[in-house]
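Below is one structure, written out as structure tokens; comments come after it.
The values are calculated or read from the model by the stated rules, or taken from the named source; none is laboratory data. Please read all numbers here as calculations on a predicted model, not as lab measurements. So basically every Cβ, Gly included, is an ideal-geometry build from the backbone, and we count neighbours across all protein chains shown. Accessible surface areas use protein heavy atoms only, side chains included; no ligands, DNA or RNA. Shrake-Rupley method; radii C 1.70, N 1.55, O 1.52, S 1.80 Å.
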Number of protein chains: 2
Amino acid sequence: MSRADELAEVLTRIVATRGLEQVSVREVAGAAGVSIGAVQHHFATKDEMLAFAFRHVVERTRTRISGLPVGRSPRRNLSRVLRQLLPLDEERRTECRVYVAFAARAALDPALAAIQRETQAQLLDGITATLREAKAAGLGAGRVPPLDPHADAKLLLAVVDGLTFDAVGEPDRLPPRQLTALLDRALKRLLG
Amino acid sequence: MSRADELAEVLTRIVATRGLEQVSVREVAGAAGVSIGAVQHHFATKDEMLAFAFRHVVERTRTRISGLPVGRSPRRNLSRVLRQLLPLDEERRTECRVYVAFAARAALDPALAAIQRETQAQLLDGITATLREAKAAGLGAGRVPPLDPHADAKLLLAVVDGLTFDAVGEPDRLPPRQLTALLDRALKRLLG
């Protein structure tokens with residue numbers, strides 16, 4: 001892991017435990033045990049540091065997804081991929097808190113918004129492609145309204161983002177078993 | 001509107017335009033054109049002020065919902081209520097930005113988390129009750145898995161929160177017409 005990646009890890013831990021508003025070059029330097037100058041060597045500004053860290057978190061999720069096996073059932077493939085986005089264990093809980101904090105800030109920060117847009121676009125492409133396969137295989141036939149890979153991909157991503165958002169705010173109401181049951185409920189209703 | 005409510009309005013505008021991390025007693029006093037002491041007269045701490053403002057935003061949404069007509073179609077009733085939670089116009093866009101920012105912070109702030117929990121519980125109760133009526137009226141029969149008012153209420157709330165969350169970060173990808181189309185798609189698939 002590069003030094004910049006290590007600093008991004010330190011930053012995401014601060015976001016997960018104390019919040020995005022606690023992040024500063026000084027805080028990251030202190031938590032990483034390096035000088036302020038060492039952090040500034042990698043990131044000219046706080047905004048640059050935040051954008052790098054957001055990308056770092058997103059990349060970690062993406063790497064995990066790209067390592068997943070791909071089976072023959074589109075529904076099971078989707079379930080496997082989308083579970084990686086839910087706060088089902090300590091690692092993903094931290095990721096999700098950080099993701100929600102960054103996405104909330106993206107409403108006001110064009111650099112973070114661009115990363116958010118790119119990430120969502122890639123996810124949507126992947127989900128849409130799998131739903132197309134599902135449709136070609138005759139799944140979701142007879143649904144009302146019928147399976148529409150493009151629209152239903154947006155809806156599925158909203159389900160996953162909504163479950164994540166709700167669970168980050170209320171972990172007790174939505175424990176891991178509940179999250180996976182609700183995701184699978186949505187997939188079953190869509191694809192049978 | 002009480003003076004405290006006016007200060008809450010000022011605070012939510014700061015959150016919507018510049019972000020939650022820009023909020024301070026000093027900033028709110030400045031934007032409201034009053035002294036710091038005048039703000040402190042209403043709120044002993046910044047956290048108290050934030051909790052009041054979060055409740056204020058939530059109350060505004062709730063008031064709007066309680067003023068809605070209730071018709072005979074459970075699906076249309078649900079659609080009418082849930083649209084109030086989506087960023088479909090300038091007022092709701094501001095509310096949604098503020099809601100997402102507060103909910104993100106709720107992960108680390110027990111007072112905000114309590115408000116979030118109470119709000120979500122009330123919404124879930126309302127959605128669950130309407131889905132029970134729908135089930136009693138024979139709607140959603142023959143769905144696989146069959147309509148389960150409790151589980152499907154959680155899923156619907158996740159759809160709405162997810163659409164809101166996604167649209168706050170990417171307003172261009174999810175304009176109002178798209179948001180209502182996706183919501184109605186989810187309702188139609190659930191209830192026919």
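Working only within the stretch A:53-88, note down all residues that are open to solvent by 60 Å² or more (accessible area, probe 1.4 Å) and either under 21 Å from A:Leu112 (Cα atoms) or without any contact (Cβ under 8 Å) to a residue 60 or more places away in the chain (or both). Listed by number, the residues that qualify are A:Arg55, A:Glu59, A:Arg60, A:Arg62, A:Thr63, A:Ser66, A:Gly67, A:Pro69, A:Val70, A:Arg72, A:Arg76, A:Arg80. Which residue is nearest to the other protein chains (Cβ to nearest Cβ), if the candidates are limited to the stretch B:63-111 and must be closer than 30 Å to A:Val98 by Cβ and touching a Lys or Arg at 6+ places or on another chain (Cβ under 6 Å)? So the residue we want is B:Ala107.
From the list B:Val144, B:Val168, B:Val100, the one residue that fits, being β-branched (Val, Ile, Thr), surrounded by fewer than 18 Cβ atoms within 10 Å (Cβ to Cβ) and modelled with pLDDT under 95, is B:Val144. For the stretch B:18-33, which positions are among the hydrophobic types (A, V, I, L, M, F, W, C), in a helix (DSSP H, G or I) and either within 14 Å of chain A (Cβ to nearest Cβ) or more than 24 Å from the chain's Cα centre (by Cα) (or both)? Matches in the stretch B:18-33: B:Leu20, B:Val25, B:Ala29, B:Ala31, B:Ala32. Suppose the filter is more than 10 Å from every other protein chain (Cβ to nearest Cβ) and open to solvent by 30 Å² or more (accessible area, probe 1.4 Å); does B:Ala153 pass it? In short, no. For the stretch B:163-175, the tally of residues that are within 9 Å of chain A (Cβ to nearest Cβ) and outside any helix (DSSP H, G or I) stands at 5.
Considering (1) outside any loop (DSSP other than H, G, I, E, B); (2) crowded, with 16+ Cβ neighbours inside 10 Å, the lone condition that B:Glu91 does not fulfil carries the number (2). Would you confirm whether or not the stretch A:15-28 contains a residue that is more than 20 Å from B:Ala107 (Cα to Cα) and in contact with a Ser or Thr (Cβ under 9 Å, 6 or more places away or on another chain)? Yes, the stretch A:15-28 contains a residue that is more than 20 Å from B:Ala107 (Cα to Cα) and in contact with a Ser or Thr (Cβ under 9 Å, 6 or more places away or on another chain). Take the residues in the stretch A:106-162 that are assigned to a loop (DSSP other than H, G, I, E, B) and hydrophobic (A, V, I, L, M, F, W, C), then tell me which one is nearest to the chain's Cα centre (by Cα). Taking the candidates together, the pick is A:Ala107. Return yes when B:Ala121 is modelled with pLDDT of 95 or more, within 11 Å of chain A (Cβ to nearest Cβ), surrounded by fewer than 19 Cβ atoms within 10 Å (Cβ to Cβ) and in contact with a Lys or Arg (Cβ under 7 Å, 6 or more places away or on another chain) and no when it is not. Criteria not met by B:Ala121.
In the set (1) under 20 Å from A:Val25 (Cα atoms); (2) open to solvent by 30 Å² or more (accessible area, probe 1.4 Å); (3) part of a helix (DSSP H, G or I), A:Leu50 fails one condition alone, (2).
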